[in-house]
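I have placed the structure first, in the form of structure tokens, so that the comments after it can refer back to it.
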Amino acid sequence: MKLKDRNRGPVGGWTFRYTIHRNHLDFPAIVYGSTWKNLIDNIHKDMRSNAHEVPADLEYQVEQQICERQPADRVWMQSGDIVANAIHGVAGMIDKVAGTKLVKKAKGCLACGRRRERMNKIL
């Protein structure tokens, strides 16, 4: 997904959550910003100060996380998102008929998530 307008404050504000791994322990981190650019700059500073590797696709990850909190009219669906939504829809129908938990499995599938990200970046 992509934000339709990065100049408009998103629902939930300009925030990003990630996990800091230190001494076999995980610590939740939340970074705030006043604008898109300010948020990205603050994330870079926070990750560097916590000796956390800054991912190459940081902006993509931030945008995906923010888009998940937005109403449908504030984001553009991309091809990977459309395919994922179709798969979740079919899994939901199968769950109703067969009493399975396919939607939960589909949403938690790492391979599916990576495929959706690749499709979003390419198309």
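FYI, it's all coordinate maths here, none of it is from the lab. Predicted, not measured: the structure shown is a model, and the values here were computed from it. Positions of Cβ are backbone-derived with ideal geometry, glycine not excepted, and every protein chain shown enters the neighbour counts.
Values for this structure:
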quantity	calculated
Nearest-ten-degree value, helix 58-68 long axis tilted from longest Cα axis of the chain	50
Cubic angstrom per residue, convex hull over Cα atoms of the stretch 52-111	122
Within the stretch 17-121: Cβ-based charge dipole about Cα centre, in debye rounded to nearest 20 (Lys, Arg +1; Asp, Glu -1)	360
Long-range Cα-Cα pairs in the stretch 2-76 (distance over 22 Å), rounded percent	24
Computed FRET value (nearest 0.05) for Asp57 with Met93, which takes r as the C-beta separation and R₀ as 30 Å	0.35
Selection from Ile87, Gly113, Thr100 lying farthest towards where the dipole of the stretch 79-122 points positive, charges on Cβ	Gly113
Simple Cβ-charge dipole of the stretch 2-76, Lys/Arg +1 and Asp/Glu -1, about Cα centre, in debye nearest 20	220
